[in-house]
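The values are calculated or read from the model by the stated rules, or taken from the named source; none is laboratory data. As the structure is a computational prediction, the values presented were derived from the model and not from experiment. For neighbour counting, all protein chains shown are included, and Cβ atoms are generated from backbone atoms with ideal geometry for every residue, glycine included. Heads up: the accessible areas ignore ligands, DNA and RNA and are worked out on the full protein's heavy atoms, side chains in. Shrake-Rupley method; radii C 1.70, N 1.55, O 1.52, S 1.80 Å.
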Amino acid sequence: MDTSAPSPFVNGETLKTFLGRRVRTVVQVQHNEGGVLLGLSTDGHQLTIRGASGAPEPPHYIEVIGIADSSLSIRAESCTDFGENFDGVAFNGLCKLANDKYNYLFL
Amino acid sequence: MASARLTPNGVGAALAGDTNLRPIVQVVNLRCVNVDGKGTPRSDRWRGLVSDGAETCPAMFAGQLSDLARSGLIRRGSVVQLDEYVINMVGGRRVIVVLNLTVLLAECDIIGNPVITPESESSNQNNPRVEQFNGTRQYGLAAGNPSPTRPNGNVPVFQPSVSGSSLNTPTRLSDKSPVFQPTAQPSYRPAPSYKNQGAIAKNEAPARIIPISSLNPYQGRWAIKGRVTAKGDIRRYHNAKGEGKVFNFDLLDSDGGEIRVACFNTQLDRFYEVVEVGKVYVVSRGNLKPVQRNYNHLNSEWEITLERDSSVDLCPDENSSIPSQQFNFRPISEIEDTPTGTILDIIGVAISVSPSTTVQKKNGTETLKRMIGLKDMSGRSVDLTMWGDFCNREGSQLQEMVERGVFPVLGVKTGRVNDFNGKCVGTISSSQLLIDPDLSEAHTLRQWFDGGGRDASTQSISRDHTPSASRNEVRMTVAKIKDDGLGMGDKPDWVTVKASIIFFKSDNFCYTACPTKEGDRQCNKKVTKGTSGLWVCDKCDKEFPECDYRYLLQLQIQDHSGTTWVTAFQETAQELLGCSALELVTYKENGDPRFAETMLSCLFKDYLLRLKVKEETYSDERRVKNTLVKVERFDPAAESRYLLDLLSRLVASY
């Protein structure tokens, strides 16, 4: 694992605290057209993912690793299909833990 | 010599009726008298004189103390503390009947100069000594210490009113005057009336009415007056003496004393029709026996068995000085910390009623069961389990009311606390269920419920109803089962481990079982192949060409902390492997590869395994046995949520 360039777990809420930095999140694909993807974060924000060519169709979940462009968009470096069967609640709980009191336990 | 301080005027105060004094006295005379117990071998009784250093008085020692006297632990000179005693009139004299005592000094010189009167001396009421006792009644009395004759944990809901018309003397309600009233010495006593008809004169005056709480087996003639609060059905029994029938009824008197009365055979015929619930009777004469707490939860230490010369007389003009029922309602929240088996009264609003279901009892017979959800102002709710006839009587009525949207108040008299998926309360045969009773508690509850209590959130103390996420499952690691010494207690421990199966013992995974059915229940005992080539069941004493195969599967489980052996029986093993024992046996006999595949498919996969952990003894060797009671396939999403919940609680606690 490359620890020199960590990509912290974020959800829609915590994305804005990492502007310009590399993050990692999971969204459910809502709409995918011409390399611009609209996805619903696990805490209910609509995020715009650029450069997500080859991403699966709705309602698949994808993991996106990329740079936080703005508080609601990510420039993707990689996308991974997580399938349809994914528990957003658990991932959201993980994101909260990773950005909370004990964030030093996470990369 | 250790100093012995006798209670000053202990004898006088005790004779005057203070049964809570627990005086320290010296035995200055002791002798054995033989008594003829009815139907029992001759037994010895001990009587003598006790002294407080100045005065003496005759004492009789209860049968259970005979051993102490016989073995010499109590002898002339012993200094004892009288823990429990009653005062009786014997031949015109007051006698301390000692029920329980503590020996403080086995041997001691006679202290002081007690007036030792020969025991045979017959004194009467006008004896100056007795006068002296009366004159010094209040000596040594702690002010403001109203003295109930017997500690009574119950706070009666109905404060029994002191009725002037009542013949008995209330001994416990005279808070105003701290004067001790003699326990068994009420003010009213019919004058003796002796009929001179033969060689033996017999006192045929009606026996005096005494409070139920002061009944004891050392009185021959007594009468009590109480209201019938419950009447049992006729039960038929069969024992070594032959067949018989019996019924019970419970009496409550104006002092809050309760007692159960049993009528057998002839007495049943005499009194069964006479006794009606709610009416007041004077019961006189009968045999007092120690109460059997398994069946009787009244506040008396005795039970009455009526005999040939007993009488039960209706008091038609009785007013309301005796309440019709005595309740000791406890808030539901208190049940949480109440040990299993406790008998108590609760009252709550019925918020849910389950349909009746049929359940099988241990003896194979069937009974009805119904669950009622009760909530009260304590913010807790509890499941009331109704059994048998209650389901169709009160249960149906409650169900109909709840379905109509009416939530009735339900009072439960004599419920039993059970520990089944959390605490719940079950009915027993002597339970009484009261729907919308006319009680102040019921009215308060109704007001609370209608005024918002309906929507108040309550927490159930019966875990069955809580969602599975928060169910109080004890999650453990495999190593912790051993480290914490689980299963060593009286009851099994129930734990859940997340583990994978690493080994199946595949040679003896099942046993040959008896297929005989008794009702819905299968025998399931192990059968062996007899000489005839048929399967033989020793229990059923039958032979069969075919037998059943039931799982008895040994497997090894492992998590990150260690490994352990677990036994899985029929249902759980079948659920785990996904095929029946018979199928697996067939695969094995036919060399079918599915035999190995079935087991391999379960190896090294994660499961949530619920285990019953209990120490058992096998041929003098004790070891902790883990039994698989439930298998759940591991669900990563549910597990993640479980961990998140665990973490958030952990974080919150720091």
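Tabulated results
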read-out	value
Counted charge near B:Q64, where neighbours are those whose Cβ lies closer than 15 Å (Asp, Glu -1; Lys, Arg +1)	-1
Segment A:1-87 - percent of accessible surface contributed by carbon and sulfur, probe 1.4 Å	49 percent
Surrounding net charge for B:D253, when Lys and Arg each add one and Asp and Glu each subtract one, Cβ distance under 9 Å	0
Cβ-placed point charges (K, R +1; D, E -1), dipole of chain A about Cα centre in debye, nearest 20	440 debye
Using a Förster distance of 45 Å, the FRET efficiency for B:A54-B:N287 (Cβ separation, nearest 0.05)	0.70
Spacing of the two label points (7 Å from each Cα toward its C-beta) at B:R76 and B:V246, in nm	4.5 nm
Fully extended contour minus Cα-Cα distance, from B:R446 to B:E307, at 0.36 nm per residue	45.5 nm
Shape category assigned to segment B:311-362 from the gyration tensor of Cα positions, a/c cut at 1.5	prolate
Gyration tensor verdict on segment B:375-415 (Cα atoms; rounded if a/c is under 1.5, prolate if a/b is larger than b/c, oblate otherwise)	oblate
All lysines inside 19 Å of B:K482 as judged from Cα atoms, apart from same-chain residues fewer than 8 positions distant	B:K491, B:K498, B:K612, B:K614, B:K625
Cα→Cβ-extended label distance, 7 Å offset, between B:E400 and B:D507, nm	6.5 nm
Buried area at the A-B interface (accessible, heavy atoms, 1.4 Å probe, summed, Å²)	600 Å²
Low-density loop positions, trypsin sites (Lys or Arg not before Pro), segment B:229-272 - DSSP coil, at most 14 other Cβ in 10 Å	B:K241
Peptide-level mean, for B:632-639, of C-beta atoms on other protein chains within 10 Å	2
Contour minus Cα-Cα distance for B:D455 and B:L646 (0.36 nm per residue)	65.8 nm
Set of aspartates and glutamates near B:K289 by C-alpha distance (under 14 Å), chain-local residues within fewer than 8 positions excluded	B:E301, B:E303, B:E307
GluC sites (Glu not before Pro) within segment B:297-350, DSSP loop, no more than 10 other Cβ atoms inside 10 Å	none
Cα centroid of segment B:339-395 to Cα centroid of segment A:44-107, whole Å	51 Å
Chain A: angle of helix A:88-98 to the longest principal axis, Cα-based, in degrees nearest 10	30 degrees
B:N34 versus B:R5: modelled label distance in nm, points set 7 Å from Cα along the beta carbon direction	4.4 nm
Residues of segment A:24-51 with amide N under 16 Å of a point placed 7 Å along Cα→Cβ from A:S70	A:36-39, A:45-51
Total formal charge among the other residues, if their Cβ is under 14 angstrom from that of B:N590, Lys/Arg +1 and Asp/Glu -1	-2
Within 10 Å of each Cβ in A:86-96, the average number of Cβ atoms from other chains	4
Compactness of segment A:1-87 - radius of gyration and Dmax, Cα, Å	11.7, 33
